[in-house]
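Only one structure is covered here, and it is reproduced in the block below.
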Amino acid sequence: MNLHDPLHQISFIQQSLSQNRKPLGFFIGAGCPLSVRVEREVAGTLQNEPLIQDVAGLTSTIHNRLKGKPDSLSVWDKIVAIVDEDGGDEKNIELLLSTIRLLCSVAGKGIVRGLQSGELQELDKQICAVISEVVDVPLPGDDTPYHNLAIWARAIHREQPIHVFTTNYDLLLEQALEESDAPYFDGFIGARRAFFDLGAVEDESILPPRWTRLWKIHGSLNWRLDKTGAVIRSDAMRDGNSYLIYPSHLKYNQSRKMPYLAMLDRLKAFLLKPSAALFICGYSFADEHINDVICRSLATNSTAQVFAFMYGKLSDDKYKAGRECAERTPNLSMLGFDEAIIGRNAGTWRANDGDPPVLPPNIFISDGTTTSVRLGDFAALGNLLRGLSGAQAEAPKAQAIADAP
């Protein structure tokens, strides 16, 4: 197997992040909130828990809320059984919700797989309500990795705006940007009933470059579809509104479809910019539609680069799709704790002899025998950004324990 020099790679990443003229972007996945830890009472004792659960944990919470009794199956139980029968992962809420919406679109006014359209629509609402409840939590302080990202984004005068893409529904990025006085544009215009403006999204280049662009690919817990069919941003759940969160590519009407496609188009447009650099964290490449946009765009634009920071070992089964992308895409680098795929070449980390440069905490760890690059931990990546923004890096209060699709 090849050997990769971790310090050379980290230095190259630092130089890329220090640019103010080239297009820079971040892709924040579901694993990132795991790096923020809070104390919660569990079974009568305080335990250190992730701020927001991963997909498996979220699915378990929904299951406990919506499951029926042993002698009386709920609609949720029936959906779980259908996914399991079809050979799918019944512990993945994204797949379950996709199945619900697919069956609903097929059912019409009839029955499909023993379920009526009304039952499926009601279950969809119940699931979205639980998701919104679980992810509707604030950051516990102002020194989180999210704040480090926000402060880095506004730290210098930029000729090109920072683009932040996320598949998460939470409002952690919004909170960090606002608390850090970092202006941003998320596609909505207005205050009382902010509406989604597709024209402004497609022509966002006329906005000031110091405004960070925030693109929420899978929707947000404060997005609503009102009774007129308009997509709005509001904290209030008024009569006739429905949640506009979708952890899948499937949209069963044009109103839901429009924001999703617009956000994916922003990702594609960004990657097609000359010398664009996108940094991915907390995303395990489990969404084929996003993977397709990334890989096809990189194939079209050889000057663009993507750095995917993975939590833990790169050989983990959940990274199989990502490894396949990196092995056929030369400008997609994938960095795990133990090894990396750079320029389509897989190799382990091996530092050159000599004293390593001073780096922020928990980014580069070596005991002389094994070497680990931990940028896949959002807390460590936040430390790197904190150092680049001119603030003194401090050890994070807690570390992520896992990545999530």
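Computed from the coordinates by the stated procedures, all read-outs in this text should not be read as laboratory data. Values in this document were obtained by computation on a predicted structure and should not be read as measured data. For neighbour counting, all protein chains shown are included, and Cβ atoms are generated from backbone atoms with ideal geometry for every residue, glycine included.
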**Item:** Surrounding net charge for R158, when Lys and Arg each add one and Asp and Glu each subtract one, Cβ distance under 9 Å
**Value:** +2
**Asked** Could you give the angle, 0 to 90 degrees to the nearest 10, between helix 254-271's Cα long axis and the longest principal axis of the Cα atoms of the chain?
**Response** 10 degrees
**Message:** Can you tell me what share of the DSSP beta bridges in the chain is antiparallel? A percent to the nearest 5 is fine.
**Reply:** 50 percent
**Request:** Pick out which of G87, G312, G343 has the largest mean-square fluctuation in a Gaussian network model of the chain, springs linking Cα atoms closer than 10 Å.
**Result:** G87
**Request:** Starting from the Cα of V112, step 7 Å along the direction of its Cβ; do the same at K227; then give the gap between the two resulting points in nm.
**Result:** 2.7 nm
**Fewest-first ranking of R158, R192, using other Cβ atoms within 10 Å as the exposure measure** = R192, R158
**Request:** Grab the Cα-Cα distance for R21 and A81, subtract it from 0.36 nm times how many residues apart they are, and report the gain in nm with one decimal.
**Result:** 16.4 nm
**Request:** Between V358, V306, V36, find the one with the highest GNM mean-square fluctuation for the chain; connect C-alpha pairs within less than 10 Å.
**Result:** V358
**Asked** By how many nm would the segment from R328 to D5 lengthen if fully extended, with 0.36 nm per residue of separation less the alpha-carbon distance?
**Response** 114.2 nm
**Item:** Two-site FRET efficiency, S302 against S372, from Cβ-Cβ distance with R₀ of 25 Å, rounded to 0.05
**Value:** 0.25
**Complete:** Inverse of <1/r> over all distinct C-alpha pairs of region 53-135, i.e. the Kirkwood Rh in Å, gives 12.8 Å
**Request:** Measure nothing fancy, just the Cα-based angle from helix 145-154's long axis to the longest principal axis of the chain, in degrees from 0 to 90, nearest 10.
**Result:** 70 degrees
**Fill in**
Two pseudo-spin positions, 7 Å from Cα along C-beta at L261 and at D292, lie apart in nanometres by 1.3 nm
**Prompt:** Any idea what the dipole of the chain comes to, in debye rounded to 20, about its Cα centre with Lys/Arg Cβ at +1 and Asp/Glu Cβ at -1?
**Reply:** 1060 debye
**Request:** Pop a pseudo-label 7 angstrom from the Cα along the beta-carbon direction at both D89 and A321 and give the gap in nm to one decimal.
**Result:** 0.8 nm
